[in-house]
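Throughout, read-outs are computed from the coordinates displayed, never taken from laboratory work. Because the structure is predicted, anything quoted here is derived from the model rather than measured. Note that each Cβ is placed from the backbone with ideal geometry, even for glycine, and that neighbours are counted across all protein chains shown.
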Amino acid sequence: MKAVNWALRQVGKRNRRLNKAAVAATRRIEKQGSRSARWIARDALRELVSETVRLRLGATAPARPAEVAASAAPHLQVGPTGLPVGRGAYS
């Protein structure tokens, strides 16, 4: 399982397109429900959406994907890209 986590983190740091794909993969893994799958997904997601990685990739997206931010702001809607949409999405 550590290999899956490591691979997701390394691939997701190569470029924005692969970062998006790795973040999507972590979401799918998290939905599997097992304790180890949740750990893999959360640990990888923490690094993939970190400010350090975002700056390295030149991303202009919010610091966290909507799923992570939803716990802080459950009223936000998620768009097809997995980012928050609507009024107040980036405030």
### Summary
ARG17 and TRP39 label points (each 7 Å along its Cα→Cβ direction) are spaced in nm at 3.4
### Message
Considering all alpha-carbon pairs of the range 2-60, what whole percent are spaced by more than 14 angstrom?
### Response
46
